[in-house]
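S.K.: Have a look at the structure that comes next, please.
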Amino acid sequence: MLLLFLLLLVPIFSIADYTPDWSSLDKRSLPSWYDESKFGIFCHWGLYSVPAIRSEWMWWYWKGDQPDANVVKFVEKNYKPGTTYADFAKDFTAEYFDANRFAEIVKTSGAKYFVFTSKHHEGFTMWPSRTSWNWNAQDIGPKRDIVGELKNAFKQTNVHFGLYFSQFEWFNPLFLDDGKFNTTNYRDQVSYPQMFEIVNKYEPEIVWSDGEWDKTDDYWKSKEFLAWLYNSSPVKDRVVVNDRWGTGTMGSHGGFLTYADHYDPGKLLERKWENCMTLDKMSWGNRRDMKASDVHTVFEIIEQLARTIACNGNLLLNVGPDMHGLIPAIFEDRLAEIGRFVDLHSEAINESKPWIYQNDTNQPNTWYTSKWRKGTFNGRRISKKNQLFNQQTEKQTVIYAWILDTAHETFELKSVKTTENTTAKLLGTDAVFSGFGKSDSIIIPSSKIPWNKLPRRDVIVLKIEYAANQEVTFTHFSITLFFSP
């Protein structure tokens, strides 16, 4: 009986479990869906969308250590004396918020995952948190479980749902006291329980931590949380996390690496990373004084997508809804146009891999992605006595060349070596180029490009097959037949 009891305990203490230390946690492989997705949408929405001035850091710029004079003047001019940040909650009505509409906009963009700010540094939770009384979207303002509505909406799509979570809160008295007295009351009573809340209640497939830099991972109990997340949580087999778990963890520990906002290394990184950037060049949250020129163009986003996935990254593109719950029309238009491009060029994006070269040696703003393609090769060899037929299954690299500088009379890609069999299909059209012969580069005159049939004239994506440096790998011999004369 004692032996049986001990055997029942084995799964709990299995050697396969992750332990709360980085040497163990960093060994966990990222679930494959994340690498295959390549493109996601970020959404910053909170109480800061009411004043909608400066950025989502408005409260800090108003009441922080070094106030921004323009923010202070804005509040003095537009609100009555004595106004507090909490007073903005009554105007945070979100009356036009439709979670299904959000999901449709994201799906139309071609993105494969979505990350929403469950709580930013202001501490206002977008779900009815048990540890944030009367400072959440259910108790005041919208009086709705925003996170819950979004979760349910995205369940109806094929888009993965993730949650951003800020560890610290600028002005939470418990957090400020922890800094003064070397205590952990804020962590124990607020942030740590909240992380378990959002995972158990909403089962996000991404936990995107932020606001961690002021304290160590020991203070946040990050390693303990991640061990639970990987071992016992309801999303243990499919969840991915980032690298912001305490002082010194960014770029070193966790799941995918972010290093910093708008990170673009321009070179291949062995470990999976993410480039998080925002459509509004100046803010993550909604901004009432945003100009059209402040918004990234579609070409700029496509360029970032190409540069990012060529170097083993994912692109996470942010939008900021207004206080009424609407995504600005200019953002919606941008996402729709990006979606049309992604739809026509999806094979160069989704499930792609970096190639042996990230960008071209002759045309540096040409970036490469690749994909394995399984095919069949039939060879025939004749001898005096026998005819030998060999059939082999092969894996070949399909190369995708993203040409982002189209103002050339001739496109010469010197990173691609050609053979008599090399072909280059112009994605988005029916055009296929061939007859390159054996060469140390692939050359296509601009005059041969059917410009009037291209979905965009500022981007060309070529699907190149049977290149000399395609890395063919033969994996199987299936038929060998001998015939007597």
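Rule-based calculations on the coordinates, nothing more; no lab input. Only a predicted model underlies this, so the values are computations on that prediction, with no experimental measurement involved. All Cβ positions, glycine included, derive from the backbone under ideal geometry; neighbour counts span all protein chains shown.
S.K.: Compare the Cα positions of V147, G179, N136 along the charge dipole of the stretch 132-197 (+1 at Cβ of Lys, Arg; -1 at Cβ of Asp, Glu; about the Cα centre) and return the one farthest towards the positive end.
M.R.: Positive-most Cα among the choices belongs to V147.
S.K.: Something else: Treating cross-link reach as a plain straight distance, find the aspartates and glutamates whose alpha-carbon is under 20 Å from the alpha-carbon of K291, omitting any fewer than eight places away in the same chain.
M.R.: Output for K291: E56, D280, E300, D322, E332, D333, E337.
S.K.: Right, another one. Report, in debye and to the nearest 20, how large the dipole of the chain comes out about its Cα centre when Lys and Arg carry +1 and Asp and Glu carry -1 on their Cβ.
M.R.: The dipole of the chain has a size of about 1740 debye.
S.K.: Tell me, in nm to one decimal, what length is gained between K272 and S446 on full extension, where the rule is 0.36 nm per residue of separation less the Cα-Cα distance?
M.R.: That pair, K272 and S446, stretches by 59.1 nm at full extension.
S.K.: Please name which of I53, Y202, G248 has its Cα lying farthest along the dipole of the stretch 18-344 towards the positive end, using unit charges on Cβ (Lys, Arg +1; Asp, Glu -1) and the Cα centre as origin.
M.R.: Y202
S.K.: Take the cross-link list K119/K236; K151/K453; K38/K221; K143/K281; K353/K414; K414/K453 and give me the ones stretching past 28 Å between alpha-carbons.
M.R.: The pairs that break the limit, which is 28 Å between Cα atoms, are K151/K453; K38/K221; K143/K281.
S.K.: Let me spell out the model: positive unit charges on the Cβ of Lys and Arg, negative unit charges on the Cβ of Asp and Glu, origin at the Cα centre of the stretch 11-91. What dipole size does that give, in debye rounded to 20?
M.R.: That gives a dipole near 400 debye.
S.K.: Placing +1 on the Cβ of each Lys and Arg and -1 on the Cβ of each Asp and Glu in the chain, which of G64, G437, L404 has its Cα farthest towards the positive end of the resulting dipole?
M.R.: It is G437, whose Cα lies furthest towards the positive end.
S.K.: Tally Lys and Arg at +1 and Asp and Glu at -1 over the other residues with C-beta under 12 Å from the C-beta of F114: what net charge comes out?
M.R.: For residues surrounding F114, the net value is +2.
S.K.: In cubic angstrom, how much convex hull volume per residue do the alpha carbon atoms of the chain span?
M.R.: It is 207 Å³ per residue.
S.K.: Something else now. Can you tell me the order of 218-231, 407-420 when each peptide is scored by its average per-residue count of other Cβ atoms within 10 angstrom, highest first?
M.R.: Averaged packing, sorted descending, gives the order 218-231, 407-420.
S.K.: Using θ = phi - 60° and the Karplus curve 6.51 cos²θ - 1.76 cosθ + 1.60, what whole-Hz ³J(HN,Hα) does each residue of the stretch 266-277 get, with Gly and Pro shown as x?
M.R.: The phi angles translate into x, 8, 5, 10, 5, 8, 4, 9, 9, 9, 9, 9 Hz.
S.K.: Using only Cα atoms, figure out Rg for the stretch 144-218 and give it as a multiple of 2.2 N^0.38 Å.
M.R.: The value comes to 1.29.
S.K.: Based on the Cβ-Cβ distance from D237 to L176, what FRET efficiency comes out when R0 is 30 Å, to the nearest 0.05?
M.R.: FRET efficiency, D237 to L176: 0.20.
S.K.: Still on this structure, please answer the following. So what J values fall out for the stretch 430-442 if you push phi through Karplus, 6.51 cos²θ - 1.76 cosθ + 1.60 with θ = phi - 60°, rounded to Hz, Gly and Pro as x?
M.R.: Calculated HN-Hα couplings, in order: 9, 6, 10, 9, 8, x, 6, x, 7, 8, 8, 7, 10 Hz.
S.K.: Just report the Cα centroid separation between the stretch 179-206 and the stretch 209-237, whole Å.
M.R.: That distance is 9 Å.
S.K.: Quick one, could you list the DSSP H helices from the chain stretching 15 Å or more along their long axis (Cα atoms) with average Kyte-Doolittle hydropathy of -1.0 or above?
M.R.: Span-like helices here: 192-202, 298-310, 329-344.
S.K.: Still on this structure, I have one more. Mean shadow of the stretch 60-159, computed from the convex hull of its alpha carbons, in nm²?
M.R.: 8.2 nm²
S.K.: When the helices in the chain are scored as -39500 (n - 2.57) per DSSP H run of 4 or longer and the sum is shared across all residues, what 222 nm value do you end up with, to the nearest 500 deg cm²/dmol?
M.R.: Mean residue ellipticity, 222 nm, calculated: -6500 deg cm²/dmol.
S.K.: Which FRET efficiency, nearest 0.05, do E412 and I330 yield, Cβ-Cβ r, R0 35 Å?
M.R.: The calculated FRET efficiency here is 0.40.
S.K.: Follow-up question, since we're still on this one. Taking H as built 1.01 Å from N, whose amide H comes closer than 5 Å to the amide H of F411, not counting residues under 5 places away?
M.R.: Long-range HN contacts for F411: I444, S446.
S.K.: I would also like to ask the following. Hey, how many Å between the Cα centroid of the stretch 127-161 and the Cα centroid of the stretch 75-101?
M.R.: Centre-to-centre distance over Cα atoms comes out at 18 Å.
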